[in-house]
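Have a look at the structure below before the remarks.
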Amino acid sequence: MPNAKKSRQSGRGPASRQAASKQAARDRVAAMRAQAKRAERRRNLLMIGAIAAVVVIIGGGVAWYAASRGGSSTPEVLPTAPSGTPESQPAAHVVPNTSGISGVVAYNTAGWPTASKNGPANQALGHTHVTGPVTYSVTPPVGGDHNPTPLNCGVYTKPVPNEYAVHSMEHGAVWITYQPSLPQSEVSQLKSFVDRQTELSPAGGTTGTRYMVLTPYPGLPSPIVLSSWGFQLRLSSPTDPRLQQFVNKFRVSPRYTPEYGAQCTGGIGTPASS
């Protein structure tokens, strides 16, 4: 019996302890590997979260910039020129400037708006809807016969057909035109000026528009020309204070707008920004 007990004790000798030590070492290595994998997963999750946050910030910044510039994600679409029967507008008759803004050239608009009596009715600007191209006597036009569809107000980077813009002026829009050679810095100033104008809703409702059209215009008699229905002002710089005075005076005016309350949207063309 003492020999058997000795034999059993010898089974827990150095070899058994060595095996147990190796197993413990393997267990520690496995635990370390598991811990390393967990740490790697945490790093990956943190990296994914950081990338997602950056994407959201960049996307939000782009959206904010577009909104702050009055931007639109829709590509600019220019109206095609009218293709109906051409006509020529009779000479527009100049009348005394009673606007109080120096340099404004006023034209006979008698009867349109209906309260206007600034000249003989038979010499007033026409306002008939026509489907063809119109040759206007003033560059750019200040009124006259025009297309039945108005131009959607906003900023366009290329010239637009006169006939649609004239209809927008009949609704109260101010059309700012500039020579295509105008320095880009001054074009940017004009765009910023348009963006600063308040949105108006003369017909009521919760949505409005600026009632502003900005386009380049080849062949202008001065670097910048402001036009509304029956009135025009030539400027040499976008910093001229008369720019804001003209807009304040004639844009969507119950006195000067023939079709006060009509919209400057729902027409033709998609501006680069509105």
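Structural remarks
- Residue in the stretch 249-269 that is part of a helix (DSSP H, G or I), crowded, with 20+ Cβ neighbours inside 10 Å and touching a Phe, Trp or Tyr at 6+ places or on another chain (Cβ under 9 Å) present: yes
- If the condition is being loosely packed, with under 14 Cβ neighbours inside 10 Å and either free of Cβ contacts under 8 Å to residues at least 40 places away in the same chain or on the phi > 0 side of the Ramachandran plot (or both), then the stretch 72-102 contributes Ser73, Val94, Pro96, Thr98, Gly100.
- Of all residues in the stretch 113-147 being within 19 Å of Arg251 (Cα to Cα), touching a residue at least 60 places away in the same chain (Cβ under 8 Å) and within 31 Å of the chain's Cα centre (by Cα), the one that is surrounded by the most Cβ atoms within 10 Å (Cβ to Cβ): Gly143
- Some residue of the stretch 144-154 being part of a loop (DSSP other than H, G, I, E, B) and over 23 Å from Thr215 (Cα atoms): no
- Test: residue in the stretch 186-194 that is over 16 Å from the mean Cα position of the chain (by Cα) and either part of a loop (DSSP other than H, G, I, E, B) or crowded, with 24+ Cβ neighbours inside 10 Å (or both): no
- In the set (1) surrounded by fewer than 15 Cβ atoms within 10 Å (Cβ to Cβ); (2) outside any loop (DSSP other than H, G, I, E, B), Leu226 fails one condition alone, (1).
- A Cβ distance below 7 Å, combined with a sequence gap of six or more or placement on separate chains, defines the contacts here; from the stretch 190-213, residues that are within 14 Å of Pro238 (Cα to Cα) reach residues that are surrounded by fewer than 17 Cβ atoms within 10 Å (Cβ to Cβ) in the pairs Asp195/Arg69.
Results for (1) out of contact with any Asp or Glu (no Cβ under 7 Å at 6 or more places or on another chain); (2) at pLDDT below 95; (3) closer than 16 Å to Val166 by Cβ, shown as yes or no for each residue.
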site	(1), (2), (3)
Ala50	yes, yes, no
Gly60	yes, yes, no
Glu87	no, no, yes
Val105	yes, no, no
Trp112	yes, no, yes
Ser116	yes, no, no
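The values are calculated or read from the model by the stated rules, or taken from the named source; none is laboratory data. Note that the coordinates shown come from a computational prediction; the quantities given were computed from them, not determined experimentally. Quick reminder, even Gly has a Cβ in these numbers, built from the backbone with ideal geometry, and neighbours come from all protein chains shown.
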